Structures are given as C-alpha cells and as structure tokens.
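A short worksheet on the structure shown next.
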Amino acid sequence: MIVLKGAPVSQKIQTEIESELSLWKSQGMQLPHLSVILVGTNPASEIYVKRKQEMCKKLGFSSEVIKLGEETTESEIQKIILNLNQNLKVDGILVQLPLPNHINARNVLESIDAGKDVDCLTEKNLGKLLTDRAIIKPCTPSGIIEMFKFYGIELRGKNIAVIGRSLIVGTPLMHLLLKENASVSIFHSKSENISQQLKNFDIVCVAVGKANIFKYSEFKKDAVIIDVGMNRSPDGLIGDVLNDSDSTPNQIKAATPVPGGVGLMTIAMLMKNTLTLAALHRKQAL
Ligand code: NAP
C-alpha cells in the first residue's frame, strides 16, 4: 500500500510560496498578513491555530491570533471582524471552527469581507466556487486535489465517494472533484447502508469526524482512500478509517495517513490562499 504523505506536497507548495515571496521582498512589498480568531479553549483548535501560526512564521508571513473567551458574544466577534475587514494591513481572516454553541457560525462567517475570506466560506465565495469564478478555493478540499495531482492519481471518469457533506469539506470537495470530471456520490448521516456500497468506488474521501468508522478491508480492491478525519483519542490523533491491512494486506492501493496526510495540506493551502489574496490587495492598492 502506498502512503500518500502530505509532507512532500505541502513542501512543494511552500517552495512555490517562498520563491514568490523572495520576489516580493526584493521589490520591498508588504508581506502577507493572516489574522486568526480563536474563540474559547478547545484544545484541538488551539493546536491547529498554533500550527498555522508556525507556518506563517516559517514562510515569513505576518500573523496574529485574536484569542477570545468562551463567553464572547456573536456581535462582539462580528465587531472584531469588521475592524479586520477595514484594516488595510490584513489580507486574510480565518475564524477557527467550531465556535461555541451559543454563537451562530454562519452569521459570523458572513461578516468576513469576501476579499479576505481565506477559507472560501462566505456565501459569496461559495457561490463563486459553484460558478467557477472563485479566486481561491476552500483549503482542505483544494489541498486534497493537490494531493491527487502530486501523486498522479487520475480523477477523470473515476467513481468517487465523498462521505460527509459539510460546507468546509464534503460539499466543496464534491464540486472540485466534479470539475476534475469524476463521477461523484455523496453520503451523509442519513445515507443508508454505506458500508455495503463502498466496494463500488475507485476513490473514497471520508470526512465524517468519527474515529475508525470505516476500515480498509471494506473498500474495493485497489481503492484510494483519503482520510480527512481528525479525532482525538488516548493514542493521539486518529482518522475516520481504520488501517486493518495486517489482516487484509494489499486490499487498497493507497491511503493518506492521520496525522501526516490531509491536515498538512490544509495549512499549506491556507498559506497559498493568503498569498493569493495579498497579491490581489497589493494590485488593488496600485
Ligand atoms: P462536520 O461539519 O461535523 O460534518 C460531518 C459530516 O459527516 C456531516 O455531513 C455528517 O452528515 C456526516 N456524518 C456524520 N455521521 C455520519 C455517518 N455515520 N455516516 C456518514 N456520514 C456521517 O465535520 P467537518 O468539519 O466536515 O469535518 C469532518 C472531519 O474532518 C472532522 O474529523 C474534522 O476534524 C476533520 N477535518 C480535518 C481537516 C484537515 O485538515 N485534515 C480539515 C477540516 C476538517 P450530516 O450532514 O447528515 O450531519
């Protein structure tokens, strides 16, 4: 089985960003700036935000994390976002999800200026994605497409299942796969008999958020598995798909590991999107 590691793909994107930024530096241009809003003390979110900050530092972006208490209200967050929208220094705004239950995440996301919506989550940018007018694409789904390209996995004409239909992963991923001319089936919590259907698919992307809900032996022989799930367990971070290849060796052709797979791509694409928006802002400022 081939392990589809995120690191080399992420490195390729980082190298491209670094070479673009060295041009920016030589021309004295203001480097990209990402603002991240973190509400509450969700330990997983804190770790993800820290990784994003570390990557900003590594690439030379400026960044800030605005940490807000669990009890912060929706309108307080929106006020902060409005200030960031107006701040010419800020190129990208990311609200780390999930937000505490008393906050309507959709209302918060909609207050982000579409030109700074670095994960393509506003209605305006999601609409542009559907009509092929998006300047940037959602980080995790576009990171998965980058992985397919890097590893030479053909998508055209393939039968692909996407399990999970969130606006952050499953639904935009379905759209990006359709754009690559795959035939896509989407499954969710109300879908019946998913396990019995898994053997119909050449590629399966699982974005459910339930540890080990599926296992390699359930998939078609030579299938490619993209495991987006990130679940905390006493053994550390684990995916949605259990690697039972000890009992059924050679069942699947390739799979992404957790950790070390899609998660690395999400961060790389976040950096790429921030750079793209920053380039647009510098052009608009001329
Ligand atoms: P989400 O918003 O909770 O969506 C989960 C999706 O899974 C929903 O569409 C839900 O269906 C579906 N689902 C739930 N139980 C199911 C079941 N038994 N069978 C089939 N479908 C089921 O989660 P998300 O934000 O998309 O994230 C999914 C996972 O990916 C999480 O573990 C998250 O941490 C991880 N993630 C990883 C990255 C990364 O960089 N690797 C990035 C983002 C998210 P309904 O729509 O019917 O409720």
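General observations
- Our coupling estimate for region 55-66, obtained by passing each phi through the Karplus curve with A = 6.51, B = -1.76, C = 1.60 and θ = phi - 60°, is 5, 4, 5, 4, 8, x, 6, 8, 8, 9, 10, 9 Hz, Gly and Pro reported as x.
- Probe 1.4 Å, accessible area per residue of the chain, Å²: 48
- Tail weight of P(r) past 15 Å, computed on alpha-carbon pairs of region 38-85, percent: 53
- Charging the Cβ of each Asp and Glu at -1 and of each Lys and Arg at +1, and nothing else, the dipole of region 139-263 about its Cα centre rounds to 300 debye.
- Near the amide H of Ala182, within less than 5 Å, lie the amide hydrogens of Gly157, all on another chain or at least 5 residues away, with H placed in the peptide plane.
- What you get for region 30-113, charging only the Cβ of Lys and Arg (+1) and of Asp and Glu (-1), is a dipole of about 380 debye around the Cα centre.
- At 1.567 mPa s and 4 °C, Stokes diffusion of region 139-263 via Kirkwood alpha-carbon radius, µm² per second: 90
- Charge dipole magnitude, Cβ of K and R +1, D and E -1 - the chain, Cα centre, debye nearest 20: 580
- Extension gain, Asn87 back to Glu180 (0.36 nm per residue minus Cα-Cα distance, nm): 29.8 nm
- Computed E for Ser62/Ala254 - FRET, C-beta separation, R0 30 angstrom, nearest 0.05: 0.20
- Kirkwood-based Rg to Rh ratio, region 30-113, C-alpha trace: 0.96
- Euclidean distance between Cα centres, region 21-60 to region 168-208, Å: 31
- In this structure the amide hydrogen of Leu121, modeled in the peptide plane, comes within under 5 Å of no amide hydrogen from residues 5 or more places off or on another chain.
- Inverse mean reciprocal Cα-Cα distance (Kirkwood Rh) of region 194-286, Å: 14.9
- When the chain is described by a simple charge dipole with +1 on each Lys and Arg Cβ and -1 on each Asp and Glu Cβ, the residue from Tyr216, Thr15, Gln27 located farthest towards its positive end is Gln27.
- Share of carbon and sulfur in the accessible area of region 172-286 stands at 51%, probe radius 1.4 Å.
- Kirkwood's formula applied to the C-alpha pairs of the chain gives a hydrodynamic radius of 19.7 angstrom.
The values are calculated or read from the model by the stated rules, or taken from the named source; none is laboratory data. Please read these numbers as outputs of a predicted model, since none were measured by experiment. Virtual Cβ from ideal backbone geometry, glycine too; neighbours counted across all protein chains shown. For the accessible areas, the whole protein counts, side chains as well, though only heavy atoms, and no ligand, DNA or RNA atoms are used. Shrake-Rupley method; radii C 1.70, N 1.55, O 1.52, S 1.80 Å.
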